[in-house]
Structures are given as structure tokens and as C-alpha cells.
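So the structure is just underneath, and the comments pick up after that.
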Amino acid sequence: MTRTRQERIRLGVIFILVILFFAAAVARLIHLQVYEHDRYSSIVEKQSSGRVSIPAERGLIYDRNGRLVAKNVIGSSLYAYPSDDAQLRAAGAFLDKYLHLTPGEAITKYKLDVDRFRWIKRRLNDAEAKQLEKMTVPGLYLRYESQREYPFGTVGKQILGFTDIDNIGQSGFELYYDSLLTGKNGFADIRRDGLNKTYRIKEEALVKPLAGNSLVLTVDWRMQDIVEEELRKAVDTFGAQRGMAVFVDCNTGDIVSIAHYDPSDEDREKPTKLRALNDQFEPGSVFKVFTAAGVFDAGIVDFNRRMDCENGAWRLKGHTLHDDKKHGMLTFREIIELSSNIGIAKWAIEVDGDDMFKVYKRFGFGKRLRCGLPGEASGRLVPPGKWSDYNIAAAAMGHSIAVTPLQLASAMAAVANGGDLLRPHVILGHVDAEGRVRRDIDRPVINRVVQNASLDSLKAFLRGVVERGTAKVVNSEVVSIAGKTGTAQLPDTVNKVYFQNKFVATFAGFFPAENPTIAGAVILIDPQPIHYGGLTSGPAFRRIAERYALVNAGLLSFPEKSFDEKDRPTDSTTTAPNLVGASQEFAQELAEERGVALRTTAAEGTVVWQYPPPGRMVYKGDEMLVAVSQPGDSVMRMPDMTGLGLRKASAFLNFAHVRYAVKGTGRVVSQSIKPGDSLANDSTCLVECEQPL
Amino acid sequence: MGRARVKRLRARVKQRFDEGLLFSYLALLAFGLVMVYSTSSIMAAGRFGSHLYFIRNQAMWAVISLIAMYVIYKLDLRKLAALSVPALFVTLIMLLVVFAMPARNGSHRWLILGPVSIQPSELFKLITIYYLAFSLSNPKRDLTDIKQLLIPYAPLIGTGLGLIILEPNLGMVILITLTVLGMFFLAGMRLKHIVTAAAPLIGVASIVVFAFGYKRDRILSHIDAIIDPLQGSYHVKQSALTLGSGGWLGTGLGEGRQKLFFLPYPHTDFVFSATGEEIGLIGLCVILALFFFILYRGIKIASSQPDKFGFLLAFGITWTLFINIAVNIGVVTVILPVTGLPLPLLSYGGSSLLVSSVAIGILLNLSKRTVTP
């Protein structure tokens, strides 16, 4: 025995302790590794795996001819994600220098911090991206994102709208069809570590993103470009506040083009409105088309019957109806062609108010057409219960109601196609998985607009309007146009009256007249100084129709000259010549050449200012006001303004820095500063105006 | 002495070392290298630019450790035992010098000599065992006398423990204290003295913890963590999850997910958990069996020593290995509160590996001359 008894006992105790420990350890391991295995490993799985979203490609947008009008491009964005203080400082220092900030500013400006993700700049331009790609700054990274691009720039942008930095639709088509275009994001499972670093993508658990639907619009971008350009020209030429135009395929309801132009719009890249369906206005005479349709539908038309047009003024229920020109006895056709308010009112009163209301409703007025673009207005159509004869007369000539340009174009399309009101729409179809275009919509008829009559006679009347009537300047040698003009006073919403000198000028029609394809409307708000629809919107409509027909040769039609040479439309308008810089004498010659008169501030000298400005459409025989600076006389002299329109007079007074006060409206009858008096900068002129009878 | 008796004695005295012990040691050493690589390579690549950074160090230390073990194995430990007294003073000085060294992770544990850094506390642990075996086996020493126990051991070892507390390295203090108490116990100290020494210590500790609230919350929350490890601190929770994730068979070598910066110190203090995730319960049982076998052989070698010196030395070595293993595994399996002790032979760390190897070398040395009872 080398060990004592005590030693053996104590060693035995120790050995038992060792055995107990190992037993305890194994028991604990069984508890943790077997009993808790499922729970623990699911927690480990969760904390060590993650999911990254794989963005779906936004659907593309095509025009009706397959032009790509909205596409996606890969762009780079710069972000900061420093993982420690050194990276934070390096990133901050680089950004200070790169963005020309004061030292240390970048960190506070972008709230940079360790392990925090911060965008520095989204959608870098190509030069920036290329420059940054070459550099490696710790903590700064580039992310590649899909970004929207519009190959045609601002053309049709009003329809398309725009997307925000995260590719979410913000206006127009992009907003309205966002859910269709967006698609469904896919995702990938990733392994990550405790420091949130991504290791690898688990291939088996990848859900592919579902690309958004690619949609085909009914809009023809070629036409859209033409319409936008002509509308812009018309607004500029006729001095209008803004203009709107809608063209639809009158056989399908496809919106071929829809546009507005407002010179005061600032951001054409990010339009938020589509005024041609957001705005409503009082249509005026153009509405007689639908009144006439109602008269036809009532079955009371006698083509030979002549209605007394009361020589231009007719008292009805305490109101006086006026015609623009004095007419005597006119047939129904002549009433439309010459646009007699009194004539159409008398016909409408012969039909019942309720029946007229029903016809207007069937033409789609007074409610939204639900064309599939955001912000459509419903217009205004007062229910017939309240209608008196005067109300019937007012509505018949397009007063007291409001329509949108889209409603007007759609109703005109219904006339053109023989009586079907079609729901206007912008989506032609979508591109299916095989890349074929599927037409989703086909001639969606809302209702018949007339039940008892054909509209052939009405269409012939509308052709007559262009051939012989109020819209002779619209007559084209290239394509036959039919339509109707309209000129209505703009309401002064502040004083609840109509402006005496502000108008809405409209032309709505269709072409080719014999076999209509396209119907549309052009509306100019407050054109100056010429405000007749036939002379402002009409020519714009004609130019659009002509250019579109030239693009689509099938639409070309060379109308036979069915009228005598003496009836040939004589152009009563011209454009204001540029007189500034010319001598008074030479200016006089230039003006005579154009057929306009001059009113000058002095008998000789050099022209320094003119109104209307060069290029603006004016009537032949109208007067232009020019300011002439006399040699040896440094001050401006007061012209005789008697008989001038207020706009012309105030334009001059503004130019001469003369303060002025106006009494009354209409034309100038007196002025407090005598003609020929010199104008000092602080002079004040009282101008009295009266409305001419 | 007759020839026959000498022959009989020779037959009883084993001349060969314990091969089973050496085999277990080598198996654990080799497996430790595998696990150090598995758990450290990604971190090493990220932090030091080479996935081999830690394993290269550890392999170098393994070679040094094998050489040291062989040297120890060859020495005559009995003749050299008297040197343990000056060696103890040298290590005490080293424990002082660490405070002049730069701190790592907030503590002064390392003596940094160029590229090599060693922990004097590990050395102190080993020298203390050697010294106690030498001193307590002196037949003149009466261990039943409390005075002879307090002088000279209390000041000598107390100084060392005090310095280690100041480093601070509480885990090592606990390890050395328990080792010393174990050796006193085996050397024949009276139970009465152990109890009378331990009772006031436990009493004071209880008052400090519960009356003054020092670390009371930590202790109470640890009790919650024992019942549900997920309620524990981040370290504790991740360690339990790592083991649980392994299941019966583990995720496979190298396939552990928790070592990717979820489990802290997967290559040092928590290497046992990281191993458990990759090789599962079955694998861990093999590891535990190897450890158990080493401890079993250690006790066996101790009990068959021809003298008290060998008995105390072999026991002290075995006992300190056991405490070390038990504390580490107790911590990572969420039985004991977290104390920073590495797992012998498996954890990354040169000092730990070297000291453990020297310990095994001592056991192998002593196994050369055992007497079968």
C-alpha cells in the first residue's frame, strides 16, 4: 500500500466529483442539443439568414404604333455605409471635397454615422457615375438602380406623368396604372453574419421578380407631337392664356392625342395636370351641333322651313338673344353653318327641354367619361326640371353648361361615326409574355346618341360650316374637314359675371369629312386680340388635321371645290409685322402691305414699340399702336387713344411707365392726358371706356 | 534484499509511460487545431487579411508545446523540486511586470516579448502546484496544524492571487484557489480547517452580494439563464443557441453558422460551443470522453505514485486540468456564470496550450514510475 486510507478516500471523493461533473455536462448537452434543438436551430436560422428584395422591372409603355415612350435604364446612386470611425472620417472628408462643402459639413449634412445607411445622391448623371466608379472611398458605395427614362422628352409627358426617385408613379398614366406597371418584387434568401454582412445567396430559395405589365397606349406619339407643337404655336400666335386639344379615333374611342399648353407652366418634365380632361369650360356655339342632333332626333326637321332670325336680336323671357351678324330668314342648315343663336334657340324650344337634356346626356355631357386618366372633370349640365324657354335657348347655344375638351371631342366622335358614343380610353392593350400586343379594349360603346334619326345630314351641315360658314379658313386643300366653331365669354369667377373681353375660342370637328377617322377639339382660352373660334382654334385644327393626314396618307382627301370662286374663303386675318426699328414712314408701308392700319404717337421718328407684338394674328384693317421716338425729343408723347381697345391702351401705358386708372369697359372714349403731351415717369392718366353698341 | 524480491518489485514498477494518456492528448491537440482553423479562418481573413493567421500561430505553439512536453518528460522532477521555490519568486516578479505592459481587452494579463506573449498567471498556476507538491510532501510538515498551513503558503500564494485579481483575471484566481484547496485537501488538511476557512468566506461573500447588492442582479439573472439560456446575456444566449443548433450530429465541420460573428470568441473561450455546432452531441461526447480519460489516467497515476511528492504533483495537475475544463464547459453550457477561462488543448492561445502540454508532460513523466498496488 503506497497510499494511506485517508488519501484513497479523498482521491475517491475527487473522482466521484469528476464523474458527477461529466454526467452533468452530458445531461446539459442533451438538454441543449436534443431537447431544445428545433427551437434553437430555428432561431439560429432566422438570425443568420435574411431576405433581400429583388426589384421588379417596371412595365414599359408603348404608343399605338409600337414606339417605346417610357423605358427603364440602369442608373447609379451614391450612398454611404461606413463600418467604423475610420471609414466615417474618410467618407466625410471625400464628400466635403467632392461636393465643395466646408470640412466636416458632409457628416452633419447627410447625418453620416457608423453602420448607418444614408443616400448621398440618387440618379447620378453619367459623368458623375463614371468618375465615382473609378474611385474607391471606404464607406461610400454605388448602387445600381433601375430608373425611368422617356425617350421623347416632354412630348406626351402630360399623359405619361412621371415617377419619383423610387420609381413610383406620381402623376398621369404612371400614377393611374402604377399597380399594373409596378409588377411584383422578387426576393432572395441570403446568409448573413452577426455583423450584418451578406455572405452568399441561397440559390434554392430565390423567387424571381415578376416584371410589371408593359402597356400599349392608344396615343400616337407622332400625332401627339404635332398637336403639342400646333397648340403651342396657336397659343403664342393668338396671344391666348392657354390651349387644350383632344383627338380621338372616332370609330374606336382611342384617344390619339391629348394635350394642353400653358406658357406659365414651369416644369414640363413633371406635369401634374392634364387640363384637356381636368378643366371644363362653357362651349358656346360649338354645342349647337348636339342641339341640332336633338332636333333631328325629335323628327321635326323640315329642311325647307325658314326660321326668322329676328335681324340679330330677340327678346325672350326678359333676356335678349344676340347673333354675331344680322340674319333674316334662315333654313336649319344655314342656322348651323352661319351659327345663328336665335335660329337654334327657336328650334330647341320647339323640341321639349326634357328631350334636349336626354340628348345632351346621351352625348356624354354632365358626367365623367371614365377614360382612365386621373382627374377627369364631369362638366356641368343642369337637370331639366329647372329649365325655362330661356334656359333651353341658352343651353342650345352652349351657354350655362360646362364641358371638358375630352367630352367635346368624344361627342363630336359620336356624330362622326353615325351615333355611337364610345368610351374614350388610353390603353390599347398590353404586351403578353411572348411579346405580342393583346388588345384589351374594342370599341366600347356607351350608348346611341340619337334613336330616331340618322346624323348624315348633320355631318353634311358641319362640312358646310367649313366650306361656306363660320369656319371657312379651316377649309383645307389636303384633307376635308367638318366641324363647328364656338366662341363664348369667359366667366369672371370673382365678380360672378362674364368678362366682356375674354373669350374661349373653340373648334370641334372631324376628318376626313366623307369617311371620318379622327374627331377632335381645339380650345384656346382668352386669345387676343382675335377671339373667334373660326379664326384661332380653327386654323390650329386645320394644321393638325393636315399634318396628321400627311403622315397617314390614307387620310388624305382632296375635296372637290363645291363652291363658287366668289365664295372662296378670303382670309380676313394676317400677322402683325415687326415694325420696331423702322422709320415711321417705312412702318406705315409695312403695315399697309399687310392690310393693317397704324396709330402712332408722333408723325415722324423711329418705331420703338408696337402692339400687338410681331407675329400675333390680327384682322386686316385693324389698327396697330406704335410708339415713335422723335429725333431731338427725348420724351414719349401721348397718342390719341380714342376708339382703342382697353388692352391696346393699357399695353401702351404700361410701356410708357404711366400710371393709369380705368373707368368702364370696352373702348376708350376719353383720356385725361391730351394727345401730344409729353409723358413724364410719374404722370397719371385717367382713361374712360364705354362698351360700343 | 533477495534477487527474487527485486525482480518482484521491478515487475510492479512500471517502466513505460502511459500511452493511452499520450494518445488522448495528441488526439485533442490535433482536433483543437482543426477547430481553431474552422472557427477563426473567416475572422482572420477579415481582420488580418489571411485566413491562416490564427492557425499558423497555434500550430507554432503546438510545436513548441510538444518540445516542452518532451523536455519535461525527460527531466527528473524530484531532483528539481527544490528549484520550485525560486521559480515561484520569479513568477511573482513576472506577475508584477505585466502591469508595465500595455493592456489587451482592458486587462494586464500578458507579458509581451516581441512577437510572443505569455500569461505569467498560467505559469504561476503550474509553479504553485509544483511548489506545493514539493513543500507539502515534506514529512516534517504537520498539515493538521493550522499555523503550518498559513505560514508560508498564505503570504506566497496570496500575493500571487492578489496580483492576478488586479490584472484582472477572476477566472484564473478561482482556478488557482480551487487547485490549492484541492491539494491541501489531498495532502491531509483537516476537514474542520477547510470548513472553518470556507464558512466565513462564503458568509462574507453572501453578505456582500445580497446585503450590498454587489452583482446581485447578475447572479439572479444568471439563475434565470440556467433555466432558460435564451434569457441570459448575449454571450450566454448565443452559446446555448450554437450548441442547440448542432443537434445530434452537428452541421458538419466548417459549416457552423454561429461562428460568423454571432457567437463571441468562437476560437477561444467558446470553442466548445462552436465545436458542438459542427460535430453535434455525438462529437462532443467523444471530446468529453477524451478529457475524462485524461483525468481518469491522471488520478490513476497519482494513486500509484511511489511517494507523496509524485502523488500530490500528479493530483494537482489533474485537479487543475479538471477545474479548468469544468469551469469552461460549465460556462458555455450555461451552468456557471461567465468567467474567462479557455478550454485546455482546444482553445486558441499559446500560454494555455503550452501550460496544458507541460501538465500532460508532468503526468507522462510521473507515469514512468508507478507502482501497481
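The table below lists the values:
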item	result
Odd one out for B:A274, checked against (1) surrounded by fewer than 24 Cβ atoms within 10 Å (Cβ to Cβ); (2) more than 7 Å from chain A (Cβ to nearest Cβ)	(1)
Index of the failed condition, A:R58 passing every other in (1) surrounded by 14 or more Cβ atoms within 10 Å (Cβ to Cβ); (2) within 10 Å of another protein chain (Cβ to nearest Cβ); (3) of a type in the set (K, R)	(2)
Sole residue being of a type outside the set (G, A, S), without any contact (Cβ under 8 Å) to a residue 40 or more places away in the chain, outside the structural domain of A:T154 (by TED's automatic domain parsing) and closer than 30 Å to A:Y611 by Cα, chosen from A:R232, A:R242	A:R232
Tabulated pairs, region B:308-328, first more than 10 Å from chain A (Cβ to nearest Cβ), second of a type in the set (K, R) and part of a helix (DSSP H, G or I), C-beta under 8 angstrom, 6+ apart or interchain	B:F309/B:R78; B:T320/B:K125
Matching option when the condition is facing another protein chain (nearest Cβ under 9 Å) and either closer than 30 Å to A:D189 by Cα or outside any helix (DSSP H, G or I) (or both), among A:Q33, A:Q6	A:Q33
Residues of region A:383-406 satisfying the condition of being without any contact (Cβ under 8 Å) to a residue 60 or more places away in the chain and of a type outside the set (G, A, S)	A:P383, A:P384, A:K386, A:W387, A:N391, A:I392
B:F322 vs. criteria farther than 23 Å from B:F134 by Cβ and either under 14 Å from the mean Cα position of the chain (by Cα) or assigned to a helix (DSSP H, G or I) (or both)	no
A:G464 being at pLDDT 85 or above, surrounded by 14 or more Cβ atoms within 10 Å (Cβ to Cβ), of a type in the set (G, A, S) and assigned to a helix (DSSP H, G or I)	yes
Residue satisfying all of: in region A:386-422; assigned to a loop (DSSP other than H, G, I, E, B) and buried (at least 18 other Cβ atoms within 10 Å of the Cβ); modelled with the lowest pLDDT among these	A:W387
Residue match in region A:625-634 (condition: surrounded by fewer than 22 Cβ atoms within 10 Å (Cβ to Cβ) and in a helix (DSSP H, G or I))	no
Residue tally, condition surrounded by fewer than 24 Cβ atoms within 10 Å (Cβ to Cβ), within 11 Å of chain A (Cβ to nearest Cβ) and either within 25 Å of A:H37 (Cα to Cα) or within 21 Å of the chain's Cα centre (by Cα) (or both), over region B:296-307	4
Of residues in region A:253-284 being hydroxyl-bearing (S, T, Y) and at pLDDT 90 or above, the one surrounded by the most Cβ atoms within 10 Å (Cβ to Cβ)	A:S257
Search result, residues across region A:603-623 that are among the charged types (D, E, K, R), in contact with a Lys or Arg (Cβ under 8 Å, 6 or more places away or on another chain) and either closer than 16 Å to A:D236 by Cα or not in a strand (DSSP E or B) (or both)	A:K620
A:T665, sole failed condition from (1) modelled with pLDDT of 80 or more; (2) within 43 Å of the chain's Cα centre (by Cα)	(1)
Residue tally, condition surrounded by 24 or more Cβ atoms within 10 Å (Cβ to Cβ) and under 14 Å from B:M172 (Cα atoms), over region B:332-343	3
Condition check for A:S77: exposed (fewer than 15 other Cβ atoms within 10 Å of the Cβ), at pLDDT below 85, farther than 30 Å from A:I427 by Cα and of a type in the set (S, T, N, Q)	no
Condition check for A:Y40: within 9 Å of chain B (Cβ to nearest Cβ), buried (at least 20 other Cβ atoms within 10 Å of the Cβ) and either more than 30 Å from A:K134 (Cβ to Cβ) or in contact (Cβ under 8 Å) with a residue 40 or more places away in the chain (or both)	yes
A:T320, sole failed condition from (1) farther than 20 Å from A:A402 by Cα; (2) in contact with a helix residue (DSSP H, G or I) (Cβ under 7 Å, 6 or more places away or on another chain); (3) assigned by TED's automatic domain parsing to the domain that holds A:L406	(2)
Hits in region B:86-102 (condition: touching a Phe, Trp or Tyr at 6+ places or on another chain (Cβ under 9 Å) and closer than 30 Å to B:F54 by Cβ)	B:T91, B:M94, B:L95, B:V98, B:M101, B:P102
Which listed residue, of B:T91, B:T39, is part of a helix (DSSP H, G or I), among the polar types (S, T, N, Q) and at pLDDT below 90	B:T39
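The values are calculated or read from the model by the stated rules, or taken from the named source; none is laboratory data. Since we're looking at a predicted model, the values are computed, not measured. All Cβ positions, glycine included, derive from the backbone under ideal geometry; neighbour counts span all protein chains shown.
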